[in-house]
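Written below as structure tokens is the structure these notes are about.
The values are calculated or read from the model by the stated rules, or taken from the named source; none is laboratory data. Treat the numbers as computed from the prediction; the structure is a model and nothing was measured. Here Cβ is always computed from backbone atoms with ideal geometry, including for glycine, and neighbour counts include all displayed protein chains.
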Amino acid sequence: MKTQEMLLNVGPQHPSTHGVFRVVLTLDGETVVNATSVPGYLHRGIEKLVESRTYPQVLPYTDRLDYLAGILMNWGYVHAMEQLMEIEVPERAEYIRVIVGELQRIASHLVATGAYAGDVGGLTGFIYCFRDREDIMDMIEMVSGARLTPSYMRIGGVAGDLPDGFLEKCQKFIDYLPTAIEEYNGLITGNEIFQHRTKKVAPITAEKAINMSLSGPILRASGVNYDLRKARPYSIYDRFEFDVPLGSNGDCFDRFYLRILEMTQSARIIRQALAKLPEGPINAKVPKIIKPPAGEVYAETESSKGIMGVYVVSDGSTKPYRVHFRRPSFVNMGHFDELIRGWKIADVIAILGSFDIVLGEVDC
Amino acid sequence: MENIFVNAAGGIRNLLESAGLPGLAVDLIVLTVIFVAILVFVLLNVLWLVYMERKVSAFIQCRIGPNRVGPMGLFQTIADTVKLISKEIIIPKNTNKKLFLLAPVMIFMPPMAVFAVTPFGKGMVALDLNIGVYYFVALASLSTVIIWTAGWTSNNKYSLLGSMRVVAQMVSYEVPLLLSIVGVVLLTGTLNLTGIITSQQSVWFIFLQPLAFLIYLIAAVAETNRTPFDLVEGESEIITGPFTEYSGMGFAFFFLAEYANVLLVSMLASILFLGGWLAPFGLTFIPSWIWLLLKVYLMIFILMWLRWTYPRIRIDQMMAFCWKVLVPLAIVNIFVTGIGKYLYESVRW
């Protein structure tokens, strides 16, 4: 029997490429022989655009990187700027940042969990996760006025104090979250078919994960204990008690389940932060016109997808000379082509889903 | 109530005969009327099922579902169908136009043809075929060819992948489906669907053949291409498989035919395992055709429940599950049934 390889173009318009990602597959029947991923369909040139904006004006652009975790993206940028200008952020602002940031992390992981359920064919899990994410979206709207693009952080603090009713709502959500997680575990994680689809699929060894410079849940699913919040605490993360969940096999199931475990830890951090939230100012004394000294800085934070690095070069004017974002999704995708070789088409979708990419971040 | 449809058919026959028509013409007219009635029944059910699926899925997913068109959104399907009719039918380039257009027309044929031999109630069967079970199995597998045609002529790689999957899946799942029914046939000694129902007078076959029922249920889900076996459509992987290139009514036909198939396999499940139109607990004051509908809708609800709870299985896992689990189990079931029947008849054990 004579067989022929087939070239299949998946994306940029495809139901489960999480945006406009494109990957060209060479198929032997259903098996992937070769793969070439083609990112860039959402490229907006943010790094170039911000060169003609003042430093505070850069902030809204960062929302558009990982639009599912806008606040964490804000944080990466303001963190770098604060290091460059040597600003001491007030206590209360740091606590607010942690609370809102961890909420955003939960929201981002909820999207990852739900979308993953959808990717392997169970649409109900998707809706359940989005139902609970809605509560977080409401809270983020309360503090910033926007759902996806909050731009809530400011260089030296946050945009506004927590509004009335936020703390109660947040507390209520944290108390409710374990019930919701139990529901996800019953519906998605515990499902026999789901486990068959994800366990032992596309494992990444710890060594490979480090060599490919992976970060975030994907790295930790391979068993590498590296979470910036623990390894190199920024902000006030050294004051909280939390664990870094680790996977053992580095397969799709570990990558998926790790996010659920991380949600629990984020909830733990929020609970402690809510209890210790001090009074005080929410903004440091920052000059009206921000003119950082000439120099450069590279600062990293742990976003929901991995290590978010921001590199800012200042020439002493009001506008940055150069800004570069190290987007975790983009770096993680570097291993994708190699990883999907030899797996089935259905696995390609499952692997892509387990990477939890956001195209705004991949393409920047 | 019980004999309302049987009497109506008899009434028409008497009327025609008294008008002095020859016997053949009377038969022809009565049969036409019956088949049109079945057609209407199936189409109405399909429209209702689309609505029901949306409501059931909404219920499972903490949503409300359609509620704008008509009372409780009852006319949503009609509105959708009207919209689909008004859509342009796009025919992709370099396709076999005739086959491409023929496939959606043909897709309703297999389920419709099987409905001709299914009993809808006591005495309510259009053709009391002696080989009803064979007829069902033979015709139900025909839809494979039609879906494959649709995928092949679409000239689209996603459609092609879907077509390859449909052939692999249907061929595999016909086997356990057939073998699971063999157990029932062994017990009754007849292939006639009415005969199978009447022999369940004392006990339903779901209690005598629980394993066969489970195998039938799984194979039926695969047969109708629904989650967890919706590999053919596999939305997150291959868009909508063979139906990717279809627009407007072409797509709608495939979509509606899926529900006709759901109705069909649920009906067969009720007939083969749930006692068909027989009333349980001697509740015979409710007409037999209502009992059958109740059982059918119970089955349909189970199928919908499965669909909105489970994720999708992978193609190689599905094939392995079929050939390595379902087929051996079905064969074991046949042997156990045979030995049991032998013991029951010879030893009176």
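Brief remarks follow.
- Region B:231-245, subset closer than 20 Å to B:L49 by Cβ and buried (at least 22 other Cβ atoms within 10 Å of the Cβ), residue nearest to the other protein chains (Cβ to nearest Cβ): B:E233
- Count - residues of region A:299-358 that are under 22 Å from A:S52 (Cβ atoms) and of a type in the set (F, W, Y): 3
- Single residue of region A:285-317 satisfying the filter (β-branched (V, I, T) and at pLDDT 90 or above) that is farthest from A:M85 (Cα to Cα): A:I307
Residue-wise test of (1) in contact with a Pro (Cβ under 7 Å, 6 or more places away or on another chain); (2) closer than 30 Å to A:G114 by Cα.
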| site | (1), (2) |
| --- | --- |
| B:L256 | no, yes |
| B:A269 | no, no |
| B:W277 | yes, no |
| B:K295 | no, no |
| B:R314 | no, yes |
| B:M319 | no, yes |
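- Scanning region B:312-328 for residues that are within 10 Å of another protein chain (Cβ to nearest Cβ), basic (K, R) and either surrounded by fewer than 21 Cβ atoms within 10 Å (Cβ to Cβ) or over 23 Å from the mean Cα position of the chain (by Cα) (or both) gives a single hit, B:R314.
- Residue within region A:130-145 that is part of a loop (DSSP other than H, G, I, E, B) and either more than 14 Å from every other protein chain (Cβ to nearest Cβ) or over 24 Å from A:V98 (Cα atoms) (or both) present: yes
- Members of region A:14-45 that are within 14 Å of another protein chain (Cβ to nearest Cβ) and either without any contact (Cβ under 8 Å) to a residue 40 or more places away in the chain or surrounded by fewer than 17 Cβ atoms within 10 Å (Cβ to Cβ) (or both): A:H14, A:P15, A:V24, A:T26, A:D28, A:G29, A:T31
- Residue, surrounded by the fewest Cβ atoms within 10 Å (Cβ to Cβ), within region B:123-168, restricted to residues that are among the aliphatic types (A, V, I, L, M) and free of Cβ contacts under 8 Å to residues at least 40 places away in the same chain: B:L127
- Failed item, numbered, when B:I196 is tested on (1) within 21 Å of B:P104 (Cα to Cα); (2) touching a helix residue (DSSP H, G or I) at 6+ places or on another chain (Cβ under 7 Å): (1)
- Tally of residues being out of contact with any Lys or Arg (no Cβ under 9 Å at 6 or more places or on another chain), at the interface with another protein chain (Cβ under 10 Å from one of its Cβ atoms) and in contact (Cβ under 8 Å) with a residue 60 or more places away in the chain across region A:98-127: 6
- With respect to the conditions (1) among the charged types (D, E, K, R); (2) surrounded by 13 or more Cβ atoms within 10 Å (Cβ to Cβ); (3) without any contact (Cβ under 8 Å) to a residue 40 or more places away in the chain; (4) over 12 Å from A:L359 (Cβ atoms), A:K48 lacks only one, and its number is (2).
- When restricted to residues that are touching a strand residue (DSSP E or B) at 6+ places or on another chain (Cβ under 9 Å), in a helix (DSSP H, G or I) and within 19 Å of A:P15 (Cα to Cα), region A:318-349 contains 7.
- Total residues in region B:150-181 satisfying the condition of being within 14 Å of chain A (Cβ to nearest Cβ), closer than 28 Å to B:A269 by Cα and not polar (S, T, N, Q): the figure is 6.
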